[in-house]
1. Just to be sure I understand the filter: pairs with C-beta atoms under 7 Å, separated by 6 or more residues or on different chains, first member in segment B:39-59 and under 28 Å from A:Thr86 (Cβ atoms), second member of a type in the set (Gly, Ala, Ser). Which pairs pass?
2. For segment A:55-106, enumerate the residues that are in contact with a Lys or Arg (Cβ under 9 Å, 6 or more places away or on another chain), under 19 Å from A:Glu15 (Cβ atoms) and without any contact (Cβ under 8 Å) to a residue 40 or more places away in the chain.
3. Wholly within segment B:58-113, which strands (runs of 3 or more DSSP E) include no fewer than the required count, namely at least 2 residues that are within 14 Å of chain A (Cβ to nearest Cβ)?
4. Looking at B:Asp63, B:Asp86, which one is modelled with pLDDT under 95 and over 22 Å from A:Ser92 (Cα atoms)?
5. Looking at A:Tyr36, A:Tyr25 in this structure, which one is in contact with an Asp or Glu (Cβ under 8 Å, 6 or more places away or on another chain), closer than 30 Å to B:Cys23 by Cα and in contact (Cβ under 8 Å) with a residue 40 or more places away in the chain?
6. How many residues does segment A:87-112 contain that are within 23 Å of B:Tyr35 (Cβ to Cβ), more than 9 Å from chain B (Cβ to nearest Cβ) and surrounded by fewer than 20 Cβ atoms within 10 Å (Cβ to Cβ)?
7. Determine which single condition A:Leu47 fails, assuming it passes every other condition in (1) in contact (Cβ under 8 Å) with a residue 40 or more places away in the chain; (2) more than 19 Å from B:Gly105 (Cα to Cα).
8. Of all the strands (runs of 3 or more DSSP E) wholly in segment A:1-99, which have at least 2 residues that are at positive phi and in contact with a His (Cβ under 9 Å, 6 or more places away or on another chain)?
Amino acid sequence: QKEVEQDPGPLSVPEGAIVSLNCTYSNSAFQYFMWYRQYSRKGPELLMYTYSSGNKEDGRFTAQVDKSSKYISLFIRDSQPSDSATYLCAMSGGRGSYIPTFGRGTSLIVHP
Amino acid sequence: DAGVIQSPRHEVTEMGQEVTLRCKPISGHDYLFWYRQTMMRGLELLIYFNNNVPIDDSGMPEDRFSAKMPNASFSTLKIQPSEPRDSAVYFCASSFNSGQGQHFGDGTRLSIL
């Protein structure tokens, strides 16, 4: 079992839909949870960063962490074609290391 | 801020040749990371530096791979000799601390024929 699991997709939705992207993990020591967005032929860029459990909102984006279930989510409201990208989850703080472990990414396509 | 700068953006070379990838981190960042990304394996950490010192190179696939950071503003990843299975996108990233909020360059797309 990989330490971080993420469905590669692709996930195709119509413009305006609410998108839910998810990751599961096995290391209960993880404390820091991140979402990166990667456009085609670009490097990943940090989108959201949360510590421990709970929700964090930033504009149309909401990150949710459920440590009891070892499950994190990224919600995108009113999705736009410009949101089309690969979304990678990452987490750290396990085994005394703060080097992030990345999921493989979910490809999201928002069609007009 | 200029961001993390990588060069070249694309590299196509023949098997057996030496390949050198370059990275300029964001000024003031004390951590530098080298990653490799493929469809099959996703994003893999190869090596990272703290204050120019290599801390963990356990992700470097073979002795053919080597990385250096001679100063705070420059790092190289070298592959010698290169093989077709080294074809991938190589990313450099830097951060203020070890793992929270890394800033990535736009990568070097490497093709070994």
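1. What qualifies is B:Gly42/A:Gly105; B:Glu44/B:Gly59; B:Leu45/B:Gly59; B:Leu46/B:Gly59; B:Ile47/B:Gly59; B:Ile47/B:Ala67; B:Phe49/B:Ser75.
2. Passing the criteria: A:Gly59, A:Arg60, A:Phe61, A:Thr62.
3. Qualifying strands (runs of 3 or more DSSP E): B:88-95, B:108-112.
4. One residue alone meets the criteria, B:Asp63.
5. Just a single option satisfies the conditions, and that option is A:Tyr36.
6. 4
7. (2)
8. It comes to none.
The values are calculated or read from the model by the stated rules, or taken from the named source; none is laboratory data. The structure presented is a predicted model; accordingly, all values stated were derived computationally and were not measured. For neighbour counting, all protein chains shown are included, and Cβ atoms are generated from backbone atoms with ideal geometry for every residue, glycine included.
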